[in-house]
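Everything below concerns the one structure shown next.
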Amino acid sequence: MSDDPETARQIAELARDSRPLLVLDVDEVLLEFTAPFMRFLEAQGCELLLRSFRLTGNIVDRRSGGELDQEAVRSLIDGFFHAQRDWQTATRGAREAVATLSAGAEIVMLTAMPHRHRDVRRLHLDALGFPYPLLTTETAKGPALKLLRGDSNRPVAFVDDIPHNLVSVREAVADAHLFNLMAFRDMRRLLPPLPEGIVVTDDWDEAAVKIATVLGL
Ligand SMILES: [Mg+2]
């Protein structure tokens, strides 16, 4: 079971597929997040300071210089996701790379965001050339991957920018092939060291080759 009953319900709706499985995060993997979120913040009179790999504590009011508290940050992120179609663009090379991989693998997009934003994200991903099934989760990603893979031993690859999502998947699916990809390069220097076994990729050109290899495509 996924820990999130709504995610489990979404997975149950998918057609059963026995091909190799490729699960993709959305923000910073398929869609740019940080760069457009910084522009969105500017339009709200705020600024993201690249001091550490977190949003809360690093978003300041440009007039007062004061840090926004967790509730204010959550509200800004919610506003951004609500308006994502006005702001977010596809990561360079993502559409072409995933289209090629989709010839031999089941592609599923797994985004950690409130379920209420799923419809808007669906519309936006369709418009940008990502017609693959989209799952939302409000809990850890690992259990969702385990459920998606099903009873078979088919190969699994997972791509995400956030270390704890990659670790969550490794804990749930020990033999999953894990890839870190981050569209906004300046954020990478703020990442904590990644646990062993996670392959860091610079861009979709590099990721696509490595994913095809581990999935046997
Ligand atoms: Mg992400």
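Using the Karplus curve 6.51 cos²θ - 1.76 cosθ + 1.60 with θ = phi - 60°, what ³J(HN,Hα) values do you get for each residue of the stretch 84-95, in whole Hz, with x for Gly and Pro?
4, 5, 7, 10, 8, 10, 6, 5, 4, x, 5, 4
Roughly what % of DSSP beta bridges within the chain run antiparallel, to the nearest 5?
Within the chain, antiparallel bridges account for around 20 percent of the total.
Counting pairs of alpha carbon atoms under 8 Å apart in space and at least six apart in sequence, what relative contact order in percent does the chain give?
That works out to 28 percent.
5 Å is the cut-off here: which amide hydrogens, built 1.01 Å from N in the peptide plane, fall below it relative to residue 91, excluding neighbours closer than 5 in sequence?
Under 5 Å from the amide H of residue 91 lie the amide H atoms of 31, 32, each far enough along the sequence or on another chain.
Mean residue ellipticity at 222 nm from the helices of the chain, using -39,500 (n - 2.57) per DSSP H segment of n ≥ 4 over the full residue count, to the nearest 500 deg cm²/dmol?
-11000 deg cm²/dmol
Please compute the contact order of the stretch 97-217 in relative form: average sequence separation of alpha-carbon pairs under 8 Å and at least six residues apart, divided by the residue count, as a percent.
24
Can you tell me how much longer the chain between residue 89 and residue 44 gets when fully stretched, taken as 0.36 nm per residue apart minus their C-alpha distance, in nm with one decimal?
Difference between extended and current length: 14.3 nm.
Taking just the alpha carbons, could you work out the radius of gyration and Dmax for the chain, both in angstroms?
Taking only Cα atoms of the chain, I get Rg and Dmax of 17.1, 56 Å.
Let me have the relative contact order for the stretch 1-111, percent, based on Cα pairs under 8 Å that are six or more residues apart.
Taking the mean separation of contacting Cα pairs over the length of the stretch 1-111, I get 38 percent.
Between residue 99 and residue 3, what length comes free when the chain is fully extended (0.36 nm per residue of separation minus the Cα-Cα distance, one decimal in nm)?
31.6 nm
Considering only DSSP states other than H, G, I, E and B, which trypsin sites (Lys or Arg not before Pro) in the stretch 1-80 qualify as loop sites with at most 14 other Cβ atoms within 10 Å?
Those that pass, being in a loop and sparsely packed, are 16, 51, 54, 62, 63.
Quick one: Karplus J couplings for the stretch 178-187, per residue in order, coefficients 6.51, -1.76, 1.60, θ = phi - 60°, nearest Hz, x for Gly and Pro?
Whole-Hz 3J(HN,Hα) from phi for the stretch 178-187: 10, 10, 9, 9, 9, 5, 8, 4, 5, 6.
With +1 assigned to the C-beta of every Lys and Arg and -1 to the C-beta of every Asp and Glu, and no other charges, what is the dipole magnitude of the chain about the Cα centre in debye, to the nearest 20?
Charge dipole, the chain, about its Cα centre: 160 debye, nearest 20.
Taking the Cα centre of the stretch 34-87 as origin and charging only Cβ (+1 Lys, Arg; -1 Asp, Glu), how large is the dipole, in debye to the nearest 20?
160
Wrap a convex hull around the Cα atoms of the stretch 34-87, take a quarter of its surface area, and give that in square nanometres.
Average projection, Cα convex hull of the stretch 34-87: 3.4 nm².
Distances over 20 Å make up what percent of all Cα-Cα pairs in the stretch 126-206?
Value for the stretch 126-206 (Cα pairs over 20 Å): 39 percent.
Only the coordinates and a few stated rules stand behind these numbers; no lab work does. Every value quoted in this text rests on a predicted model; they were computed, and no experiment measured them. Neighbour counts run over all protein chains shown; Cβ positions are idealised from the backbone, glycine included.
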